[in-house]
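To keep things clear, I will list the structure first and then write my remarks on it.
All of the numbers you see were taken from the coordinates with simple rules; none came from a lab. Quantities reported herein were computed from a predicted structural model and do not represent experimental measurements. As a convention, Cβ positions derive from the backbone with ideal geometry for all residues, glycine included, and neighbour counts pool all protein chains shown.
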Amino acid sequence: AINISRNTSITLWFSELMDETTVIENLFIFPQADLDSIQIIAAVYDDPNKLYLGRLSLGVFTSVDAAGSWSWRTSKSLKTSVPTLAISNLNSDIVYAGTSQGVYKSLNAGNNWAQMNSGLTDISIISIVVSPDDDDVIYLISNTAGIFKTEDGGLNWVAKNNGVNFSQPLHSIIISST
């Protein structure tokens, strides 16, 4: 099942059962940053101490100690705004960053990134999610072109907009396990 949200609040999605969403209202875990520059925080499914953070114009940061300390994980090509992150439940080293310059994929926990935009007609990414059952299946929402899906780990994207009402902006997409 796919759920599309029009809610703009920052959410942190992680629990042992992956069935809860916690809204973060006071985000004081990154004191050296301007809080307005934090766009997304994502936790690794089976290790909630490992966090990824997307920042405005600065890319991706990681923490392995539940936000006790942070490391910058951004290459020159990814030094951009990161409003959305998705981490594979099957292999937590696979991370996708949805940016204002398209989709970037890391196969090594953010140490290296490759751009994956083939088939996207709009590269300003709003939301991205990896299937919990298959690392190669990913959905995203772009700013103006709607919903896209890939079944090959991001190599090729296909629009999936049949039946979607675009009278209101889309903000997030969630996929559940089969």
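If R₀ is 22 angstrom, what is the calculated FRET efficiency for the pair SER69 and LEU90, using the beta carbon separation as r and rounding to 0.05?
With R0 = 22 Å, the Cβ-Cβ based efficiency is 0.25.
State the extension gain, in nm to one decimal, for the chain segment bounded by ASN162 and ALA114, taking 0.36 nm per residue of separation less the distance between their alpha-carbons.
14.4 nm
Dipole of the range 44-178 (Lys/Arg Cβ +1, Asp/Glu Cβ -1, origin at the Cα centre): which of PHE148, ILE175, VAL60 lies farthest to the positive side?
VAL60
Could you work out how far apart the two model spin labels at THR121 and LEU155 are, taking each label as a point 7 Å from the Cα in the direction of the beta carbon, and quote it in nm?
Label at THR121, label at LEU155, 2.4 nm between them.
Please list, in order along the range 99-111, the HN-Hα scalar couplings obtained from phi with the Karplus expression 6.51 cos²θ - 1.76 cosθ + 1.60 (θ = phi - 60°), rounded to whole Hz, x for Gly and Pro.
10, 6, 10, x, 9, 10, 10, 10, 9, 9, 6, x, 6
Please list the non-local residues whose amide H lies under 5 Å from the amide H of VAL82, H modeled 1.01 Å from N, same-chain partners needing a gap of 5 or more.
For VAL82, the qualifying residues are ARG55, LEU56, SER57, LEU58, GLY59.
Using each residue's phi in the range 151-157, evaluate 6.51 cos²θ - 1.76 cosθ + 1.60 at θ = phi - 60° and report the 3J(HN,Hα) Karplus result to the nearest Hz, with x for Gly and Pro.
Listing the rounded values in order: 10, 10, x, x, 5, 9, 10 Hz.
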